[in-house]
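Participant: Mind looking over this structure? Questions follow.
Quick note: the coordinates plus some simple rules give every number you see, no bench work behind them. Note that this is a predicted model, so its numbers are computed, not measured. Here the Cβ is made from the backbone with ideal geometry for all residues, glycine too, and neighbour counts use every protein chain on show.
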Amino acid sequence: MEQVMSTINLSAIYPEIILTCFSLLILLMQSFSTPRFKEYYGYVSLVGVLAALAFVVMEPSSFFAQTVVYSFNDMWVVDNYARFFKLIFLLGTGLTILISMKYLEDEAMQYGEYFALILFATIGMMIMASAGELITLFLGLELMSLSLYVLAGYTRVRMVSNEAALKYFILGSFATGFLLYGIALIYGSTGTTSIRAVAASVGKYGLYSPGLVMGMAMLVVAFGFKAALVPFHMWTPDVYEGAPAPITAFMSAGPKAAAFAAFARVFMEGLPALQMEWTWLIWIMAALTMTIGNVIALVQDNIKRMLAYSSIAHAGYVLVAFLAAGELGISSVLYYLLTYTFMNIGAFAIITALSGRGEPRVFVRDYQGLGFQHPFAAVAMSLFLFSLAGIPPTGGFMGKFYIFSAAVKEGYIGLAVIGVVNSVVSVYYYLRVTVAMYMEEPSSVREAEAAAPIFSPALVIAIFISAYGVLSLGLFPSSYVAIVKQSFLALQ
Amino acid sequence: MSEYIHVLIMLVLAAATAGGMLVATSLIGPKKSFIDKMEPFECGESPIVSPKLRFSVKFYLVALFFVIFDIEAVYAYPWAVLFKELGLFGFIEMMIFLTILAIGLIYVWRRGALEWDR
Amino acid sequence: MSWLFKDPVLLAAVLCTWLPFLSMAVILIFTRHKPQLSSYISIGAVSTSLICALYLLIKLVHVGEPVEYRTAWLIADDIIIPFGYLFDPLSLLMLLIVAVISFLVQVYSLGYMAGDPGFSRYYAFQSLFAWAMMDMVIAPGMLQLYIFWELVGLASYLLIGFYYEKWSAGQAGKKAFVMTRLGDIGFFLGLILLVLGFGDLGIVAMNEAAQAQAIPSYLITASALLIFCGVIGKSAQFPLLTWLPDAMEGPTPVSALLHSATMVAAGVYMFSRIFPFFAASPTAMAIALAIGTITMLLSSTMAMATYDIKQVWAYSTVSQLGFMVMGLAAGGYFAGVFHLTTHAGFKALLFLCSGVFIHEYHSNDMRDIGKGGGRSLKIPMVCMTVGALALSGVFPFSGFFSKEAIMGVLAAYPNKIWLLAGLLGALMTAYYSFRLIFMILFPKKVDATMPHDAVHYHQEKDDKIQIDHEEAAAGHGAAHGHGSSHGHEEGHGNVFWYMAWPLIILTTITLVLGFFQHSLEGFLLGHAADAHGGEGGHGAGHYALLIAAVSMGLAGIAWAYYEFGRKGASQEGFLARLPKTQALFANRWYIDRFLRRFLDRAIYGGLTNVFTRNDRRVIDGGIDGFCLFTIGSGRLFSFLQSGMLQYNLLVMVAAVGLVVLYFVV
């Protein structure tokens, strides 16, 4: 008995404990709600996120100390890799909360569940990043996914939102099945679910157990679904379009990063010996993901749907870096995901502000003339779009630069070429919005006046934080690269 | 191999018992067939209905709550068995678990999900 | 951010270089419609920069070693591109020059640009320029220098084409941009060559390696020549010298700041920045010397044939830049930099004075200004004369000292032909400067009755005038002073004094700067000054040279007086009697025409055809095809992407099947 207790290091899960407490607190607040409480859910959850953030950064020791803490019999790992991802998640969550508050007020849906679910999803993501063991990973993934299913259908009076939630749920549970089946197969062929033990077992007994390979294939499918990689991306456009705009922002940043976090940990730490096996599969998936995402995005008029396809394409870029592996590759994954969090949530913040009650204004034509009516919003939007397109001096450019240089360095020149061509294609549809904002007249002046964008202080703060992130990642990449490299070393 | 011989004997015995019962009833039992009896058994539901028939979603809600709180009991069993060995640590852990569950219950209650007519 | 406040030097540097950027952003985003506020923001930023530059100079004046702050800006595996600040005497001096001139020009512009509809835009671009130029000056590596070099070019383009309603201004902006870009291509190729061959673009590292002969000499020569192409473009050297006179389409203060004092000197500055690197290649130095000399002589002759007051100073700028390149290429590091410094002062002065005349008489033609009574504007007249004296190299004005220094270097050069060319240049410089002065001072017939505003000879100024008048009518009339108080300095109020004060300050600088030659020399060369023994050539043996140079200047003035100044002078000049030569000079030696023809024949005729065909058929066709293909396939895919749940599941299962198949096979 003493042994069991000695491996429990509670301090390793303080951030998760804090977030759990806050989400329970919000549920209790909602249970005993008075109308006055409505205002506070957002702030309470924000405090929770900040507290968790403080613990991630400071605890158990400083970020650069390279400490790796194992807890719960190796079921739980806290290393710099996990810390960096938790940083991304909490950042995404914080920004989402900021852009949500006014939105919910306008939609008259200020319920505590919204924020509680966001926090639950965040806890799930953090569990995925820290999971040292496949069942723990599954728990985190399920916690995240279940919360997201509900959030996607949060605006339940809207049909598209319902549709999104249901599709997401059905397809998502299908993918979860694959994950469990994969875990089971791996357990069957190695006798363990601990990622490190799997690695040891694979290294020791060789590779060609069919059960192991099948299990790995199942995991690829499951993670591919969660990260929306082609051909497991079918849910993305419908769900992103139907979900409320802040939730789309949330889903495109954190959960995607979480899927990559788990993907990379399982495959880099658990199955590196099988790298030869999955290289070509990932190669094909990366090329398909980039190309199909960008090509379909070209013809979208709905800006949320366009960004959904663009997020598929971005997952493809990340997959290129993932494939390149090595120090530069994984650093680029981290760098890009951080950048992507800033730029995508930034763009969605503007979309949220502009969409109007019930989100009628989400088409490219609704952005015509924005540059003259709302110069600030237009400048910020252009910045985020430039970054998404990968134009210097933004973080998006630096991120792509690192990804493609990693790919070239590891010899994936063909993939790098496909990636660059895709970036060029993507410029077209991002700039289309900018062109609409600056070079086209509003289709109808009255219509434009009728739906004035809503800029609450919280939303403006979120835009500023995102813009700062995008610019500083683009202008001063080296300090971020230092942190990112520390995080990579943790995975070694 | 010898240690498994008991299991084998057990298996054979069980199969024989079950098989014997089936054979015995079909041989000696009375057979009176009528229409209702020949229908597949469906937990009291009528097996053949119009697909347009709707159930109130409340049924499912209650069922869900039942499953959730049922699982609570499942967790409580192993804890109860090992209660003495786990000691205070186990007790506190379990109380935390139950507290979280209780918060869930409070939430469900206060939100009115347990009331049939709302 | 705490690192920023620990080191006051760094703080000053950051403030100095980034405040103008901030002011640009603020003006463009927030205060575009509040011209007054915009100008105050911009001037506030640049004056803070000036204070910081002064502080840096004072703080670091006695530090022998260069002070370098650098941070790895971009880390891509083994290539590390630094970003930061390098303070050595040269960069500190140049920083101060840029800050001072920028500040004065911005104050001056308060008057000159008053009431212009693009007032805020003007100040935003000014800030953009100040930011880019300062960051270029203190760049520790060539890549940073190159980035800001291009930004400076952008600012120049925007400011030349400032009156974009005017066709010629837009054309001039484009011409400047394209021609400097031509040089920049060479510059960039040189940098790439250097990265590939040497691997480090740090200025200090390059210079040290070149001095220690750690770089193969062919590499130095090749890359130095390519980099020199950048100098040719930016500093308007032969054969890319014709964009600079055209750049005078911009507002006059812009000409003063960018196209005479600072931006065009960037080429020369870059040359002196990596002077030891260049010096390691005698071939490159010899070619640079020849180019500098040709530039100086050609542009001096051009200046003799034009009547446009700004054009004269533009040609003169080109020729003085050529002179600086000569000095540097002949090995006179200090001489070149010193001439750059003094030239910045007096050439800015000359332009700003011309600006007063142009503002007052709405004409660029020196004959119009003379006839209109230009001599009655006493402060600018006196100041311009001082500037012209400095330009001609007359004691005790600053130009005298720096020209002497370069002459000394040239005299020390074994081949005396360069010295002769220098002296000839000095003669011509004095001639054309005083031709202008006398034309204004002693016009043939003062037509006092003619109102200034009626002088509308020159079509190209008309648009500008229109703007001025409309604005004057729109409420700036009082500030402008048109109407009641023509020709009287007293009546012009603030606007005049905004423009007069910078003149007076610059005149003072021109008067005293020369006497600081020795302290500057000590500062720039550090301990090396003793070893060089005063490269400026002030040894006893050079008195003959001194006298020769000064007498050349005086002879030029006398010649100009004979033809333009004395009573009854024809004011036509000797060129009028040599019409073919005049045409040659006035047409800029047909360089433009040659370039045009060359471009027409070689490029449009030959290459372009090939490329056009290639463009139309291969590239356009390819891109069109690609676009059609992508959009078409986008349609197709999005059709496939039907959103049917069953179908989605089917695809997923099929994909899973493929994945499994992949692993099994």
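Participant: What length, rounded to one decimal in nm, is gained on full extension from C:SER551 through to C:VAL512, with 0.36 nm per residue of separation minus their alpha-carbon distance?
Facilitator: Gain on stretching C:SER551 to C:VAL512: 11.9 nm.
Participant: Can I ask one more? What's the angle, to the nearest 10 degrees (0 to 90), between helix A:326-355's Cα axis and the longest principal axis of chain A?
Facilitator: 30
Participant: First measure r as the distance between the Cβ atoms of A:CYS21 and B:ASP117, then evaluate 1/(1 + (r/R0)^6) with R0 = 35 Å and state the FRET efficiency to the nearest 0.05.
Facilitator: The calculated FRET efficiency here is 0.50.
Participant: Using r as the Cβ-Cβ distance of A:ARG365 and A:LEU139, and R0 as 56 Å, what FRET efficiency do you calculate, to the nearest 0.05?
Facilitator: Efficiency, rounded to the nearest 0.05: 0.80.
Participant: For C:LYS59, give me every one of the lysines with a C-alpha distance below 20 angstrom, ignoring sequence neighbours fewer than eight places off in its own chain.
Facilitator: C:LYS6
Participant: Compute the long axis of helix A:477-491 from its Cα atoms, compare it with the longest principal axis of the Cα atoms of chain A, and write down the angle in degrees, 0 to 90, nearest 10.
Facilitator: The two axes meet at around 30 degrees.
Participant: I would also like to ask the following. Fewest first, what order do C:ILE185, A:ILE186 take by the number of other Cβ atoms within 10 Å?
Facilitator: By the 10 Å Cβ count, ascending, the order reads C:ILE185, A:ILE186.
Participant: Right, here's the next one. Across peptide A:404-415, how many C-beta atoms of other chains are within 10 Å of each residue C-beta, on average?
Facilitator: For this peptide, the per-residue mean of nearby foreign Cβ atoms is 1.
Participant: Of the peptides C:169-181, A:144-156, how do they stack up when ordered by the mean number of other Cβ atoms within 10 Å, highest first?
Facilitator: Highest-to-lowest ranking by the protection proxy: A:144-156, C:169-181.
Participant: Right, here's the next one. Name the shape class, rounded, prolate or oblate, that the alpha-carbon gyration tensor gives for the protein assembly as shown, where a ≥ b ≥ c are the square roots of its eigenvalues, rounded holds for a/c under 1.5, and otherwise prolate holds if a/b is larger than b/c and oblate otherwise.
Facilitator: Prolate.
Participant: Right, another one. Using 7 Å Cα-to-Cβ label points, what is the A:ARG36/B:LEU61 separation (nm, one decimal)?
Facilitator: About 2.9 nm separates the two model spin labels.
Participant: Still on this model: Which angle from 0 to 90°, rounded to the nearest 10, does the C-alpha axis of helix A:195-205 make with the longest principal axis of chain A?
Facilitator: In chain A, helix A:195-205 runs at an angle near 50 degrees to the longest axis.
Participant: Determine the shielding of peptide A:231-239 by partner chains: average, over its residues, the number of Cβ atoms on other chains within 10 angstrom of each Cβ.
Facilitator: 5
Participant: What's the ranking of C:248-260, C:390-402, C:199-211 by average number of surrounding C-beta atoms within 10 Å, highest first?
Facilitator: Averaged packing, sorted descending, gives the order C:248-260, C:390-402, C:199-211.
Participant: Given a Förster distance of 41 Å, report the FRET efficiency between B:SER46 and B:LEU105 from their Cβ-Cβ distance, rounded to the nearest 0.05.
Facilitator: Calculated transfer efficiency: 0.75.
Participant: On average, how many beta carbons from a partner chain sit within 10 Å of the beta carbon of a residue in A:293-303?
Facilitator: Mean shielding by partner chains, rounded to a whole number: 4.
Participant: Report, ordered by chain and residue number, the lysines lying within cross-link reach of A:LYS256, taken as a straight Cα distance under 18 Å and ignoring same-chain residues fewer than 8 apart.
Facilitator: The qualifying lysines are A:LYS86, A:LYS167, A:LYS226, A:LYS304, A:LYS400.
Participant: Among all the lysines, which ones have a C-alpha under 26 Å from C:LYS174's C-alpha, if same-chain residues fewer than 8 places away are not counted?
Facilitator: Candidates past the 8-residue exclusion: C:LYS166, C:LYS234, C:LYS310, C:LYS347, C:LYS461, C:LYS464.
Participant: If you don't mind, there's one more thing I want to ask. What's the extension gain from C:LEU658 to C:ILE504 if we count 0.36 nm per residue and subtract their Cα-Cα distance?
Facilitator: Separation in residues times 0.36 nm, less the Cα-Cα distance, equals 47.2 nm.
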